[in-house]
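Contents: one structure, followed by commentary.
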Amino acid sequence: MQSTGQLNAVFGALADPTRRAILARLTAGDATVAELAAPFQISQPAISRHLKVLEQAGLISRRRRATARLSHLEAEPLREATAWLTGYRAYWEESYDRLDELIAELQSGQDDDTD
Amino acid sequence: MSKLTVTAEPGTPFIETTRDFAATPELLYRAWTEPELIARWLSPKDFAMDLGEYDVRHGGRWAYGFTGEQGSFGFRGVFHGEPSVEAGILQTFEFDGWPGHVSLDRITFEPHGDTTTVRTWTTFQSVADRDGMIESGMEGGMSEGYDKLDALLPELKG
């Protein structure tokens, strides 16, 4: 579950149109800094600063491949970035875990009845 | 059993959840409709459920509350149609602390061999209701964030 700080980081990361465009490009697959900079009239260091913001928000992960640094889209924080739904999800997960236990209990009771 | 999925597309007034259980639809329907059973599982963590009415038939009323260290709060609504294992359950849902913001819940029990998928489909009166935008300082920021998610999510879904 995301903390308020993490949610703020996600929304802050999304507040910039270049960063949103970078995320959109990464839906097509991982990309190097050069590949991500290509569509924009901005420098690679500027792109790198955007990538750092996205990485800190947990929206991308980065790894090395030979001499390149590849960025990878991590979509889960985006899907989770609705705070109200975080509580809603927790409510249902906890309730359904208890329902698992209840049905196991009811089923073992039914098995006993058929003995 | 399987992980809970929660789907709430930005810009829509819906929430859908699915969850698989190692049980028959009949058993799950019982757990959902028998008052003694529902009180044993449906509640937030660290809260106990106080079940009021629970009359599962067309026009039947339901009400329950939760009491915990953080206080107590209640919900209520009415069932519609002919609740059954095959048809599922259709009910209104209102939080006592937010009167008038009534949502509509549909719960179905889909058998798949040895398991059953329980699907809930909730329809709120507006996107704002769905997003829980009770008056708070965060409204502006969240709204802005949602607009951006709205624009971005269709592209990310692939």
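The values are calculated or read from the model by the stated rules, or taken from the named source; none is laboratory data. It should be emphasised that the depicted structure is a prediction, and the values quoted were computed from it without experimental measurement. As a convention, Cβ positions derive from the backbone with ideal geometry for all residues, glycine included, and neighbour counts pool all protein chains shown. Just so you know, the surface numbers come from the protein's heavy atoms only, side chains and all, with ligands and any DNA or RNA stripped out. Shrake-Rupley method; radii C 1.70, N 1.55, O 1.52, S 1.80 Å.
For (1) touching a His at 6+ places or on another chain (Cβ under 6 Å); (2) facing chain A (nearest Cβ under 9 Å); (3) of a type in the set (D, E, K, R), each residue gets a yes or a no:
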position	(1), (2), (3)
B:Pro10	no, yes, no
B:Pro13	no, no, no
B:Asp50	no, no, yes
B:Tyr54	no, no, no
B:Arg57	no, no, yes
B:Tyr64	no, no, no
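Within the option set A:Arg49, A:Arg64, being in contact with a strand residue (DSSP E or B) (Cβ under 9 Å, 6 or more places away or on another chain), open to solvent by 70 Å² or more (accessible area, probe 1.4 Å) and modelled with pLDDT of 85 or more holds for one residue only, A:Arg64.
Candidates are the residues of segment B:25-41 that are in a loop (DSSP other than H, G, I, E, B) and out of contact with any strand residue (DSSP E or B) (no Cβ under 6 Å at 6 or more places or on another chain); the one that is nearest to the other protein chains (Cβ to nearest Cβ) is B:Trp41. What number of residues within segment B:99-118 satisfy the criterion of being in contact (Cβ under 8 Å) with a residue 60 or more places away in the chain, open to solvent by less than 70 Å² (accessible area, probe 1.4 Å) and within 13 Å of B:Gly88 (Cα to Cα)? The total comes to 6. On inspection, B:Ala63 fails the criterion of being free of Cβ contacts under 8 Å to residues at least 12 places away in the same chain and either in contact with a Ser or Thr (Cβ under 9 Å, 6 or more places away or on another chain) or not in a loop (DSSP other than H, G, I, E, B) (or both).
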